[in-house]
Every structure is written in structure tokens, then in C-alpha cells.
Amino acid sequence: MMSSGDKDGAGVQKEGAVTAEFSRRIPLARTGRPLEERVDADPGEREALRQRFGLLSLSHLACVFRLERGQDNIVLAEGHIQAEVEQACIITGEPVREVIDEPFSLRFVPAADMPEDEEIDIESLLQEDADDVPYDGRVIDLGEAAAEQLALCLTPYPRRSGAGLDQFVEVTPSDDELDARQETDRKSPFEVLNKLQEKQ
């Protein structure tokens, strides 16, 4: 079965809190058996996410989740994200188009069961195949999970083809230049002054 979940308005205040720009809330009770859900961001949601992540454009964002309940109300998710974005080239500022088509794995964990920051073992965390995503123990937000996956998939330092760093002047001194500078540094100020006077 595939559906789009419950849609909340982007940036709408609800009971004193602001909802996510892209929200698709799935009650935990629906994950009692394996469930497949697809979420698609509409134009307004894409524009809000574009601003959130500093993109030039976000023309498409869709994500499929295959959910299965585990122990202690942990929900396991195998997903696949597809998106089309444009970011600014870090060198020229020109648009750099990127097509994202990536699988991922998540574990939705009740927030009360998430470890405190000081208890997190970074090395163990890096070795895990699935990222842990906290939820309130009652409802899972697949839209926000998709938004966070989009952020993780973006190229960190986009560069337009042909705008490589090779265009910049090489400023690293050669070994000969370093030796010459060291030799100059070893000379006394009087020696340097005498050399200048001789040249004049």
C-alpha cells in the first residue's frame, strides 16, 4: 500500500509550535505491519525548503519509505530519495544542477530513548548503517525525514564544470624559494641594509 500520509501546512503555527516546511505525519499505529509510503513536496513546500537550505532552485523532491516496526517502538525505514536542485558554484556563483537519486536507511527512535549528547559514541555512530531520527513516540514525520536526507545528499562545495581551482595562481613557494627566504632571515639587518646601499 502506498499513500502520501497526513499533510500539514508548511510553516503553520499549531498549538504554539511551528511545523516543519515539509510535513507528512504517520501515526505509529500504522506501522504495526510493513508499510510503504511515498511523500512528494508540492511547490510551496519546495520553495520553503529551498530557502531553508540556501538553494537556487528545488524543482523536485520525492521520497519512498518502507517502514517496519521493531522492538521498543523503534521503526526501521529503508528509503529512496529523488530530487533535482541547483546550488551556487562556490567559485563563480553560477547555478550548478544536481540530480539526487539515492537509497538510505533510518531508525525512528522515541525521543525519550535517544542518548544524551555526552553519551554518544562517535566511532560507533559512524559505523552504523542507519541514522537514528528522534520522534515523539506517537507520530513519525516522513516529510521532515525526507528534508533532512536531502540536506545530507547535497554536494557540500558545488563547482561548475570548468571552474576548478586550477584557475587560481599557485602561491605555495618552491623549495628553492623557501631556502632563499631562510637564508635572508639568517642575515643581520645591517647586512641587508648594506646590500640595499650597494644596489643604489
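Here is how the numbers come out for the structure above:
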read-out: Filter pass, R33 being under 17 Å from the mean Cα position of the chain (by Cα), of a type in the set (D, E, K, R) and exposed (fewer than 15 other Cβ atoms within 10 Å of the Cβ); value: no
read-out: Search result, residues across region 75-119 that are among the hydroxyl-bearing types (S, T, Y) and part of a strand (DSSP E or B); value: S105
read-out: Region 42-68 residues that are closer than 14 Å to V85 by Cα, paired with ones that are hydroxyl-bearing (S, T, Y) (beta carbon under 7 Å, 6 or more apart); value: R50/S57
read-out: Flag if E128 is of a type in the set (D, E, K, R), modelled with pLDDT under 60 and closer than 30 Å to L35 by Cα; value: yes
read-out: Hey, I26 modelled with pLDDT under 95 and either polar (S, T, N, Q) or farther than 21 Å from L152 by Cα (or both) or not; value: no
read-out: Residue list for region 85-94, filter: surrounded by 15 or more Cβ atoms within 10 Å (Cβ to Cβ) and without any contact (Cβ under 8 Å) to a residue 60 or more places away in the chain; value: E86
read-out: Residue in region 42-50 that is closer than 19 Å to P134 by Cα and either modelled with pLDDT under 90 or in the same structural domain as L142 (by TED's automatic domain parsing) (or both) present; value: no
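One line per residue, one yes/no per condition, for (1) at pLDDT 95 or above; (2) under 30 Å from A20 (Cβ atoms); (3) not small (G, A, S):
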{"site": "G93", "(1), (2), (3)": "no, yes, no"}
{"site": "D101", "(1), (2), (3)": "yes, yes, yes"}
{"site": "D121", "(1), (2), (3)": "no, yes, yes"}
{"site": "L142", "(1), (2), (3)": "yes, yes, yes"}
{"site": "A147", "(1), (2), (3)": "yes, yes, no"}
{"site": "A163", "(1), (2), (3)": "no, no, no"}
{"site": "D175", "(1), (2), (3)": "no, no, yes"}
{"site": "A180", "(1), (2), (3)": "no, no, no"}
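The values are calculated or read from the model by the stated rules, or taken from the named source; none is laboratory data. Since the model is a prediction, treat every value here as computed from it, not as a measurement. All Cβ positions, even for glycine, are placed from backbone atoms using ideal geometry, and neighbour counts span all protein chains on display.
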